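A.B. asks: This is the structure, below, for whatever I ask next.
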Amino acid sequence: MNLVVRRKPPLFSISRPLPLVPSPACHAPAAGEASTSRRSRYSTAAPGEKGSPSSLSSSSSSSSKFPEYELPSVTWGVIQGRKERLVSRVIISDYLKTLGIAPNELADLELPSSVDVMRERVDFLTRLGLSVDDLNAYPFLLACSVRKNMIPVLGYLEKLGVPRPRLGEFVRAYPQVLHASVVVELAPVVKFLRGLDVERSDIPFVLQRYPELLGFKPEGTMSTSVAYLVSIGLWPRDIGPMVTQYPFFLGMRVGTTIKPLVEFLVSLGLPKRILAKMLEKRPYVLGYDLEETVKPNVDALLSFGVRRESLPSVIAQFPQILGLPLKAKLSTQQYFFNLKLKVDPDGFTRVMEKMPQIVSLHQNVMLKPIEFLRGRGILDEDVANMVVKCPQLLACRVELMKNSYYFFKSEMKWPVQELFEFPEYFTYSLESRIKPRYQRLANKGIRCTLDWFLNCSDQRFEERLRGDYIEADAPGPSFVMGGKLEMPGSHLVSDKEEDESDEEVLYRRTISL
């Protein structure tokens, strides 16, 4: 058995610059001599002449033929041994601990071999606006390279229009973005949004509101969500404004979130055409939890006396009612109506069916028009009946009600009983409808009811003035599921008008929201 004797190189050889290419004659370092042998293995001495002065001088002259090379921190880990990597990891862990960052989550990740590189990453993220708590919440940020990950991604976001002061907040909301590839992952999402007719100026707003959108694949969840909404009646060109208003639906799964909600609303009697228009105007309805919010709210409406056939009309008029803490609000408002407005529970239910927005009206706002009417000498019972007939009174401005009331008393000089019969008088504009139409009635000497000359379109009003008769007053259109809208006297006005279906009425109500 041949023994190989190695001599340690002189101490001064440690300070020599390392040649770019090691000698092929070098051997693996022995245990305990990793540091010294690593440097000695770059020696060009021939076998049998190791350690001699002549070999050192010859190696010095031969190594001068190669360009001198200093190992940068980024590539230092390439030539590090296992022991050196462990030492570097301990040093980096100690550095992170001094900053208050727990390195436990980084145990399975490859860390830079130099603490200077880690210090550069921490400083960059800190200047971006992230705190130590943010780094502890998502320590994998420290595994991102400043030049390969952070700068390209942040530069792309800034190019899209995300303000530089908001980049830190963006990363805090969605730190995984720094791991993404601009070309492979981020750019396709932006291209998909542009394909949905999202305005270029709206893209930074959409991404800041829902940064996780950058983590979805366009051909996956986002495409299926859009396709399903189009299948129920939404126009493709309407998807873009929906995304700008509520981008979160692009990340919802059709089978578990969107489709069950849509099918439940359709089962209540809401036509798909109306539902599509409602979602176009109020896309946040898609974010209501079906089991925890929507179904309990529908049950609450039924328990307070709202008829099942009235549910589609209630939902179409006020879609937000599906997402409110409804049971508590209904209990509070019902008590208020009974105590302050003298409206019994049955009357409250009728008010709810006509104007479901009252569940969100502040009680002080509703009291002001009531106090105004009572101040005019109208009895509480009559005021309560007026509210049940026309719940919109509760949202009227008192200043406008005063002007309309004084015109009614001083100019028209009609009995107050007319207001009891048609309280909607206060909801019409005095200058644009009441005064002009009353003047024309007065010039013709026509005496009629408030309902007759106010509750009609301009075209129908002209037809009534030209007619030789005054048709009987008829109630306004009302929504009844399962049948047509009946408009008494409509055949006397125009032969071209046809009865509207329940879907058309809901469509008009949704459009007017």
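A.B. asks: Being out of contact with any helix residue (DSSP H, G or I) (no Cβ under 8 Å at 6 or more places or on another chain) and of a type outside the set (S, T, N, Q) is the requirement here; does ASP299 meet it?
C.D. replies: It is true that ASP299 is out of contact with any helix residue (DSSP H, G or I) (no Cβ under 8 Å at 6 or more places or on another chain) and of a type outside the set (S, T, N, Q).
A.B. asks: For a quick check of your reading: which helices (runs of 4 or more DSSP H) sit entirely within region 295-405 and have at least 1 residues that are at pLDDT 95 or above and over 37 Å from the mean Cα position of the chain (by Cα)?
C.D. replies: Hits in region 295-405: 326-339, 345-354, 363-375, 380-389.
A.B. asks: Looking only at helices (runs of 4 or more DSSP H) that lie completely in region 220-290, which have at least 2 residues being touching a helix residue (DSSP H, G or I) at 6+ places or on another chain (Cβ under 6 Å), buried (at least 16 other Cβ atoms within 10 Å of the Cβ) and aliphatic (A, V, I, L, M)?
C.D. replies: 239-245, 259-267, 272-281
A.B. asks: Identify, by number, the condition in (1) surrounded by fewer than 19 Cβ atoms within 10 Å (Cβ to Cβ); (2) touching a residue at least 12 places away in the same chain (Cβ under 8 Å) that PHE170 doesn't meet.
C.D. replies: (1)
A.B. asks: Among the residues in region 101-116, are any hydrophobic (A, V, I, L, M, F, W, C), under 30 Å from SER225 (Cβ atoms) and crowded, with 19+ Cβ neighbours inside 10 Å?
C.D. replies: Just the residues of region 101-116 that are hydrophobic (A, V, I, L, M, F, W, C), to begin with: 101-102, 106-107, 109, 111, 115.
Now drop any that are not under 30 Å from SER225 (Cβ atoms), which leaves none.
There is no residue in region 101-116 that is hydrophobic (A, V, I, L, M, F, W, C), under 30 Å from SER225 (Cβ atoms) and crowded, with 19+ Cβ neighbours inside 10 Å.
A.B. asks: Restricting attention to region 379-388, does a residue exist that is surrounded by fewer than 19 Cβ atoms within 10 Å (Cβ to Cβ), in the same structural domain as VAL359 (by TED's automatic domain parsing), more than 20 Å from HIS362 (Cβ to Cβ) and aliphatic (A, V, I, L, M)?
C.D. replies: Checking region 379-388: at least one residue is surrounded by fewer than 19 Cβ atoms within 10 Å (Cβ to Cβ), in the same structural domain as VAL359 (by TED's automatic domain parsing), more than 20 Å from HIS362 (Cβ to Cβ) and aliphatic (A, V, I, L, M).
A.B. asks: Right, next: For the structure I just gave you, tell me whether VAL177 is among the hydrophobic types (A, V, I, L, M, F, W, C), touching a helix residue (DSSP H, G or I) at 6+ places or on another chain (Cβ under 9 Å) and farther than 24 Å from ALA137 by Cβ.
C.D. replies: Values: among the hydrophobic types (A, V, I, L, M, F, W, C): yes; touching a helix residue (DSSP H, G or I) at 6+ places or on another chain (Cβ under 9 Å): yes; farther than 24 Å from ALA137 by Cβ: no.
For VAL177, the condition - among the hydrophobic types (A, V, I, L, M, F, W, C), touching a helix residue (DSSP H, G or I) at 6+ places or on another chain (Cβ under 9 Å) and farther than 24 Å from ALA137 by Cβ - is not met.
A.B. asks: Next question. Within region 393-407, track down each residue that is within 17 Å of GLN333 (Cα to Cα) and surrounded by fewer than 18 Cβ atoms within 10 Å (Cβ to Cβ).
C.D. replies: The one that is within 17 Å of GLN333 (Cα to Cα) and surrounded by fewer than 18 Cβ atoms within 10 Å (Cβ to Cβ): ALA395.
A.B. asks: Pick from VAL184, VAL162: which is over 27 Å from ARG119 (Cα atoms) and either among the aliphatic types (A, V, I, L, M) or surrounded by 16 or more Cβ atoms within 10 Å (Cβ to Cβ) (or both)?
C.D. replies: VAL184
A.B. asks: Something else about it: Only one of (1) in contact with a helix residue (DSSP H, G or I) (Cβ under 9 Å, 6 or more places away or on another chain); (2) among the β-branched types (Val, Ile, Thr); (3) free of Cβ contacts under 8 Å to residues at least 24 places away in the same chain fails for ILE101. Which number is that?
C.D. replies: (3)
A.B. asks: Cβ-Cβ under 8 Å, sequence separation 6+ or interchain: first residue in region 203-219 and touching a residue at least 24 places away in the same chain (Cβ under 8 Å), partner part of a helix (DSSP H, G or I) and polar (S, T, N, Q). Which pairs?
C.D. replies: PHE205/THR244; VAL206/THR244; GLY215/GLN176
A.B. asks: Against the definition (touching a His at 6+ places or on another chain (Cβ under 9 Å), modelled with pLDDT of 95 or more and of a type outside the set (Ser, Thr, Tyr)), how does VAL153 come out, yes or no? Give the derivation first.
C.D. replies: On the way: touching a His at 6+ places or on another chain (Cβ under 9 Å): yes; modelled with pLDDT of 95 or more: yes; of a type outside the set (Ser, Thr, Tyr): yes.
Yes, satisfied.
A.B. asks: Considering only region 291-300, I want to know if a residue exists there that is closer than 26 Å to GLY220 by Cα, crowded, with 17+ Cβ neighbours inside 10 Å and not hydroxyl-bearing (Ser, Thr, Tyr). Steps first, please.
C.D. replies: Within region 291-300, the subset closer than 26 Å to GLY220 by Cα is 291.
Next cut, crowded, with 17+ Cβ neighbours inside 10 Å only: none.
Within region 291-300, none of the residues are closer than 26 Å to GLY220 by Cα, crowded, with 17+ Cβ neighbours inside 10 Å and not hydroxyl-bearing (Ser, Thr, Tyr).
The values are calculated or read from the model by the stated rules, or taken from the named source; none is laboratory data. These numbers come from a predicted model, not from an experiment. No Cβ is skipped: glycine too gets one built from the backbone with ideal geometry, and neighbour counts run over all protein chains shown.
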